[in-house]
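Just so you know, all these numbers are worked out from the coordinates, no wet-lab data involved. Computed from a prediction, not measured in an experiment: that's the story for all the values here. All Cβ positions, even for glycine, are placed from backbone atoms using ideal geometry, and neighbour counts span all protein chains on display.
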Amino acid sequence: MDSARWQRLSPALDALLELDADGRAAALATLHQGDPDFAAELEALLALEADREDFLAEPIVAALSGMLPGRHVGPYELERLLGEGGMGQVWLARRADGLYERRVALKLLRPGLADPDLRLRFTRERQILARLEHPHIARLLDAGISIDQQPYLALDYIDGEPVTDWCRRHQPGVADRIRLFLQVCDAVSHAHTNLIVHRDLKPSNILVTALDDVRLLDFGIAKLLDTSGQASEATRTGLRAFTLHYAAPEQIRGEPVTTMTDVYSLGVVLYELLAGRKPYQPARASDAQWEQAILDADPPRPSQTLLRGTEDGVEPLQRRRMARAIAGDLDTIVLRALAKAPADRYASVEAFALDLRRWREGRPILARPQRLSYRVGRYLRRHRWAVSSATLVALTLVASMVAVTWQANQAIEESARAQAMQDFVVGLFEQAGASAGGAPLDIRQLLEAGVQRGDAELAHQPVARAELYGVIARLRLGLGDYEQALALLERQSMLVRGMPDPPPSLRLQSASDHGRTLRLLGRPRDAIAWMQPQQSLALQREQVLPRQAAELYTQLGRGRRDIGEPDAARLLFRRALALRRDSPVPDEAGTIESLADLASLHSAAGEITAALAATDAALARLRQRLDARHPLAVELLRTRCALLRADGRTRPAEASCREALALALDLHGARHPATLDARRQLAALHVDQGRFAEADAEFRDALVWTVARLGARHADVARIHNSLGIVAWERGDEAAALESLARTVDIWRQTSPNAMLADGLFNHAMVLHAIGRQAEAKPLLLEALALRRARFGARHGLVGDTLRMLGEVEAALEPGAGTRDLEDAAAITAAAYGPQHPNALRAALSRDRIAADAGDADAMAGLDRLARTPPDDSELRKIAWVARAHAAALRCAAPGAATARNDLAVLASQVRTAQPEGGAITREIDAARRRCGSLIARR
């Protein structure tokens, strides 16, 4: 059957299948009168439908077999399925051949295709994407065919959401929606310039990233306009080369496709962005009804559709405002793009985008007749302030005189305050330079002297004195003097409360500084309570005071994040980012800070990969836009170190930590909080590497300074106690380890989110389990498991880690118990982290050890596989050592025990050489040797 015949049969068959028996018979009788052959073909198809239950149920293309997480396709390892369509599947994958590390979107062609042209289209996509280089188009990175003849394309992995979903969630204004859409137009225009038509433009192919930028995906059915003699692309039964709801009329009719086909699809997307719904709403959502609507129905104006809609979550007031903005020119632009005949649409995407830009600038659009009244109206709207001023000049002159007088007075006051502050600071440093005996300048003494002089010299200028307190408090915060900063900010607050009309900028800055200080002191709820009343002021003044408003949103968002309210924090961080990035004078340092805040939410949710990608993006922006030695780089490098360590990548983590520490020392000195935090983080890596004495000294030094700065009950102090507890356990001091870890849990239970408390409970239970106190360890693990499930969900990697430890404890309490928890732990960690991640291998090790003890031969083989784990990382090496030791100890009960004993001796020597300070691993190897000796003695 040729494509033209099927295109006529398909909608008629859809319509007949929707009718009851009587209606179907009447319709067929009518068709018999006009076209007997056509009616006969339809009756034959309906007979097949009645005789066979699988009529039209069998897919045209076969499923991709054997494609599971962990499968290798070429040099890539599959991680998880992102989507599936007519051409095949798209997977998140990573480069696994060791040349470099990168995550990609891997597109796989479906095998066994009935249509040979589909493989041709797949090959063509590789040709097309290789020619496209645009910031809003996903790049082609690699292409090839695997050893099992599976063709693949590796493209940029875009972590975003469809543009319609983004608009539904963020509810941006009309101007912001047009801004995003113009990015799409630029991308499509670039493709057209390269003689490429996309032919499947739809929201799911238009993603918005975390930076609110657009990426255009999927040129799988694009047509090369500069090629000839290509195989026919006629539509075949059950296989469309486009998405029906966004298809142009000429695509439905099977006519030639041009660049104006993309113009129509863009018109549908813009209609949906503005109105919240598609331009057509057929009574029945069948393909036949949709095709008829696209071919014959005239869509209503977007502004009318928006006013009638209720299901898109838009507030009624915002809906009316948006409808007013859309009515008129935007309605005209969209309907011009949706014209049925290609000749009646915009001649190109560039012309479409030009009218949208003219609308943004308030200029007449070219899609409307250029009548004099219309041009004059647009001119008046574009220059309404100048025209209004000219019309009301007399009234304006009177009002201006009053305003000028008031502003002059304000300017005099501002100038006087600025001059007073300048004279004050100059005098302060002049006197500081005359210290007795030529002693070096002490910054803290200088700040204290500044407060005393301010109290005396600015006694009659409360606004200037309050600003001085704020400046000195921020300097104190930079030095880590949190308590002294809080005392100054409390004095500032008393001054502000006593003013009849304090400046809004002072109120916002004071609230932000006060909240930041309370949060740094471990009091996030107090910080939120202090800042929350000023949020309404920030909303009112954010256009004239964007930096102060953004700072308040940032500090308030951090407080919300610290108490475990990520959704509220995300909204505040995004608002701060928008203000900092889009203000008339962009705040680049603030923008990077907001990007880091958003990355921290991924980290708090256990989304290590997303957090690492966002942190790397912020660090790259800082190095590109500011300076690699900017103070923000210290915090970003520390964050990157922590994320890499959590991801099991110890070597790059250590490199980031060392870079952070070197920069902190250079910028701040040895006793600055940022330097101490970097040293503490590097010491944690030293624990992983078996350098326990060095780590212990670093942690104890950091503890002294942190307690002095924050007090003994701060969450950061508990973090150091937690590290000291782990070091003590590694060094064999069980009592000190349990004491430090119990103190950690006690502090975190009172000060920190549940996720942090769960970490402390897990570590405490781990040590109790290691020293044989299983009954005490089990309730701590059950509490940690409940907290992690409530916070992250049942299939999160941290839940798998907890189940692993719980299974080990249960097996120690009762032989044969814990098997289910260990199996679940192995499955969850492999899915969450990847099968070769240290945490996943650790879970497999626990499962196989306990099963091998019970005589399971498969588990014994599993231990041998783990013993051969490549030692690419310190954690992987430890897993291999333990697996090898346990397997050898079990073989001491069988023939060939001497070989196993010798293997254990060699292993013990290797471990002592690699970890001369011993540690828990060394004790575990020694325990395996003792077990071996006992088993040999019994024989």
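With the convex hull drawn over the C-alpha atoms of region 521-595, the volume per residue is 80 Å³.
Both the radius of gyration and Dmax for region 544-689 are 15.3, 52 Å, in that order, over alpha-carbon atoms. Residue order for 72, 134, fewest other beta carbons within 10 angstrom first, comes to 72, 134. In terms of Cα atoms, the Rg and Dmax of region 679-737 work out to 10.9, 30 Å. In this entry, region 470-556 is assigned a mean projected area of 5.2 nm², taken as a quarter of its C-alpha convex hull surface.
For region 855-939, what does the convex hull of the Cα positions come to per residue, in cubic angstrom?
Numbers: hull volume 7.3 nm³, N = 85.
Normalising the Cα hull of region 855-939 by residue number yields 86 Å³.
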